[in-house]
Structures are given as C-alpha cells and as structure tokens.
Amino acid sequence: MRSPHEDAPLALHVSAGTPRGTTLTERGTHRAQREHVARLHSYLTRYGLVTWTSGNVSERVPGEDLFVIKGSGVEYDELTWEGVTVCDLDGNAVDGVKKPSSDTDAHAYVYRHLPEVNGQVHTHSPYATAWAARAEEIPCVLTAMADEFGGSIPVGPFALIGDDSIGRGIVETLAGSRSPAVLMRNHGVFTVGPSAKAAVKAAVMTEDVARTVHFSRQLGEPLPIDQADVDRLYARYQNVYGQ
Ligand SMILES: [Zn+2]
C-alpha cells in the first residue's frame, strides 16, 4: 500500500543550536557527485584516519557556487548519497535532509577564498593529530614528503569551531606553503586538492608520513633533505609521475 507521503519530499526542521535555522529537503540534485563523495569516505576508514564519525570529505560542484559535504554525525557504514548534503558557498544547506558537517563553515570559507581548490578532507588521524597537539610541523625528511607536500607539513593556528576562524587559519597557512595539508593546532588535519579524491590522498599521505617521521624520531633525529633536492623531487613528482 502506498503511503500518502510517499511522493512528498522528506523534510525536517533543523533544531536550535545548528548554525542556521534551515528546513532541509531532499530534491535529489547532484546525486552522482554525492554518491562519489560518499564512497570516498571508505578511504578514511580503510586507512584508519577516523574514529566514530569524526572526519569528512567535501567537493565543489563544477560550475556552480555549491559544494557537497558529509552530513553531521552520519556513520561511515551507513553513508550513501543521501548522507551527503549540498551547500552553498556560505555553508547553507540547499539540498539533502542531513544537517551538513559541523566543519561546513571551514570548508565553505576555503572554497570562497581558494578557487583552485575543488576538494577538502578533515580528519583527526592519530599520528598527524599528535603532531598538531604539539603545534609542531612535520619536517621534510622523506622523499615521499618532498614529492607530495613540497616541504614540511605546516601548523595552523588554534581556532574554535563555529565561525570562519578555522577556514581563515587553513587559508592563511596554505598561502605560505606548497603543502596541500595543514595541521590545525590542537585539532587535526585539513587537506585540499584539485578534486575530493586528491584531498583524500593528501589526508592518507599526511598520516603515513606523520607516523614514519614519528618512528624515526624514536631512533634519533631524522636528517633533513636539502631544499634544492626537495624542489627537484617536488617538480618531478608534480609534473612527470603517474599516468
Ligand atoms: Zn575536527
């Protein structure tokens, strides 16, 4: 038997305490991209970057002032396209029934200020976040770091969630670095990329090098790589490597 509400759009009122008192409705727009971004979250669990629901992926919608981002508190095992919400560049939800991630304001700020960024990831991956807790950048002591990050992975300022301060800290820190990753002090990892998948890769690599450099530190002081070699490695990897 058909429910009388079957064809009606799902709607729910977002309770007080959310950034904006929006009524969310599912219209099914950008479904393929939401499906793609939902699936990318499997990398976060596969590589041990997230605990419970604490990380998220977003991606800019090409040609529109919109992006899609994981819904707040949605569990990774249950994440489908409907768990990914479409937002405008001010972070307002425009399609989807899930309240967008609590990090939406930070992602929106970065998309507004860095037009070349099309994807972002946030995690509290444990080794990298251990560096962030000490506000210590990860020094460039591995050729893989020179390849991927073009130098050390920088630390951004302490910032509270709830306004533009995390986004501002990310943008300001990225401006002084070739790294696609920032360790926000006392918080965790934020990465950017030309696509969501590239930002996911940067998040995976950030945790990998954070762990390796940590292990190296237990044995003594890791050796820095000469800047000229860092530059050569970075140029080669960015321009030549891959298919
Ligand atoms: Zn966080």
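The values are calculated or read from the model by the stated rules, or taken from the named source; none is laboratory data. Everything numeric here is computed off the predicted structure, so don't read it as measured data. Cβ sites come from the backbone with ideal geometry, for glycine too, and all protein chains shown count toward neighbours. Side chains are part of the model used for accessible areas, which takes the heavy atoms of the whole protein and leaves out ligands, DNA and RNA. Shrake-Rupley method; radii C 1.70, N 1.55, O 1.52, S 1.80 Å.
Structural remarks
- Dipole of region 19-82, positive direction: furthest Cα of Val50, Leu66, Thr29, with charges on the beta-carbon: Leu66
- Within the assembled protein chains, the solvent-accessible surface assigned to Ile161 is about 100 Å², based on a 1.4 Å probe.
- Here is the P(r) of the chain: all C-alpha pair distances, binned every 10 Å from 0, give 8, 32, 34, 17, 6, 2, 1, 0 in whole percents.
- If the chain linking Asp90 and Leu114 were pulled fully straight, counting 0.36 nm for each residue of separation and taking away their Cα-Cα distance, it would gain 7.3 nm.
- With each label modelled as a point 7 angstrom along the Cα→C-beta vector, the Gln227-Tyr47 pair spans 2.9 nm.
- Over all pairs of different C-alpha atoms in region 17-101, the reciprocal of the mean inverse distance, the Kirkwood hydrodynamic radius, equals 12.8 Å.
- Within the chain, helix-based [θ] at 222 nm, where runs of 4 or more DSSP H residues each add -39,500 (n - 2.57), nearest 500: -11500 deg cm²/dmol
- Net charge dipole size for the chain [Lys, Arg +1 and Asp, Glu -1 on Cβ; Debye, nearest 20]: 220
- Taking a ≥ b ≥ c as the square roots of the eigenvalues of the Cα gyration tensor, region 150-192 is classed as prolate, since a/c reaches at least 1.5 and a/b is larger than b/c.
- Label-to-label distance, Leu219 versus Glu64, with points set 7 angstrom from Cα along the beta-carbon direction: 5.1 nm.
- Taken about its Cα centre, region 31-171 carries a charge dipole of roughly 220 debye when the Cβ of each Lys and Arg holds +1 and the Cβ of each Asp and Glu holds -1.
- Reachable lysines, given that their alpha-carbon falls under 19 Å from the alpha-carbon of Lys99 and they are not under 8 places away in the same chain: Lys70
- Gyration tensor verdict on region 140-243 (Cα atoms; rounded if a/c is under 1.5, prolate if a/b is larger than b/c, oblate otherwise): oblate
- Size of region 62-164 as Cα extents on the principal axes (Å, biggest first): 44, 30, 26
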